[in-house]
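Notes to accompany the following structure.
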Amino acid sequence: MKLISWNIDSLNAALTSDSARALLSRAVIETLVTENADIIAIQETKLSANGPTKKHLTILESYFPNYKSTWRSSVEPARKGYAGTMFLYKSNLNPMITCPEINAPTTMDAEGRIITLEFDKFFVTQVYTPNAGDGLKRLDDRQIWDKKYADYLENLDKQKPVLATGDYNVAHKEIDLAHPSSNRRSPGFTDEERQGFTNLLDKGFTDTFRYIHGDIPEVYSWWAQRSKTSKINNSGWRIDYWLTSNRLADKILKSEMIDSGSRQDHTPILLEIDLS
């Protein structure tokens, strides 16, 4: 099975805008088409509470004609056009779809952050983890989220093996970002968030990229848009992950980044695994 995950940073912009950035986004989409993945997880769709429009669905179908989709958007009392997730999956697949709530703080459960696909022998679940925010104003809530989410994955894992993916908004170790020393209290690299991710892995999950590649340096999944040279200089962070239940680790065939050219922000990540 081949699976891809990507924080798209606005599905509408990627599909309908004529901006230079949108053209770069569509080039990435065309790359994903050639990958012919079984399942594609998309984060930060930023769609309305009503989800994708007919226009969005028509364009998606033109790229992915043999796929079904399911989505989850931010709804009141959460912010409009915020966060959100979507799965595209091949039409021959027939998962049971759930949109779980994990008893997260504030409006986090209403922000469309988790979708889970249940198959006969495994789960595929994606997450768009809340950012700790400027000035770490959401760090306390983020720590609660991390615990609740880890408990949720652990509960899934007790039922059947899990493939979990998404933008986890944390660089786990110093090797996972270009400039660790200057980012000690930056959102995504605080001791608290890193420990939260350690706690998640300790529940019985494997970071597939490190499992396959070991301590290979300077491989990242996100480069800040605010810095024009972040990608040119490879001043990035690895904050997007494919995780598996530990008991699936020996079935992992490939875990890597998909080249997104000069487009900054997130790059798609790929997992190939033998679930036969």
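Coordinate-derived values only; no laboratory data. This one's a predicted model, so the numbers in the text were calculated from it and none came from an experiment. Here the Cβ is made from the backbone with ideal geometry for all residues, glycine too, and neighbour counts use every protein chain on show.
Obtain the nm distance between the two label points defined at LYS55 and HIS213 by a simple spin-label model: each point lies 7 Å from its Cα along the Cα-to-C-beta direction.
Calculated label separation equals 3.7 nm.
Taking the alpha-carbon centroid of each part, what is the distance from region 36-113 to region 210-265 in angstrom?
With region 36-113 and region 210-265 each reduced to a Cα centre, they are spaced 22 Å.
Loop sites only, by DSSP: take the GluC sites (Glu not before Pro) in the chain that have at most 15 other C-beta atoms within 10 Å and name the longest stretch containing none of them.
Working: sites that count: GLU101, GLU218.
Longest gap between qualifying sites, sites excluded: 102-217.
Testing the spin-label approximation: label points 7 Å from Cα along Cα→Cβ at MET96 and THR31. State their distance in nm.
About 3.7 nm separates the two model spin labels.
Evaluate E = 1/(1 + (r/R0)^6) for LYS158 and ALA249, where r is the Cβ-Cβ distance and R0 equals 22 Å; express this FRET efficiency to the nearest 0.05.
Values: r = 17 Å, r/R0 = 0.80.
The calculated FRET efficiency here is 0.80.
For TYR241, what residues show an amide H to amide H distance below 5 Å, using hydrogens built from the backbone and excluding near sequence neighbours?
When sequence neighbours closer than 5 places are left aside, the close amide H contacts are GLY166, TYR168.
What FRET efficiency do you get for LYS147 and ASP274 if R0 is 30 Å and r is their Cβ-Cβ distance, rounded to the nearest 0.05?
Details: r = 32 Å, r/R0 = 1.07.
Once rounded, the FRET efficiency stands at 0.40.
If you plug each phi of region 126-131 into the Karplus form 6.51 cos²θ - 1.76 cosθ + 1.60 with θ = phi - 60°, what whole-Hz ³J(HN,Hα) values come out, in order, with x for Gly and Pro?
These are the phi-based 3J(HN,Hα) values: 10, 9, 10, 5, x, 6 Hz.
Can you figure out the FRET efficiency of SER17 with GLU174, using R₀ = 35 Å and their beta-carbon distance, to the nearest 0.05?
Numbers: r = 36 Å, r/R0 = 1.04.
E(calc), rounded to 0.05, equals 0.45.
Give, to the nearest whole percent, the P(r) tail of region 122-276 beyond 25 angstrom, counting all Cα pairs.
Value for region 122-276 (Cα pairs over 25 Å): 27 percent.
When only DSSP loop residues count, what chymotrypsin sites (Phe, Trp or Tyr not before Pro) in region 187-276 have their Cβ near at most 16 other Cβ atoms within 10 Å?
On the way: sites: PHE189, PHE197, PHE205, PHE209, TYR211, TYR220, TRP222, TRP223, TRP237, TYR241, TRP242; in loops: PHE189, TYR220.
Taking region 187-276 and a limit of 16 other Cβ atoms within 10 Å, no loop chymotrypsin sites (Phe, Trp or Tyr not before Pro) are found.
In whole Hz, what ³J(HN,Hα) sequence does region 41-51 give by Karplus (6.51, -1.76, 1.60; θ = phi - 60°), x for Gly and Pro?
9, 10, 10, 6, 5, 6, 8, 5, 4, 7, x
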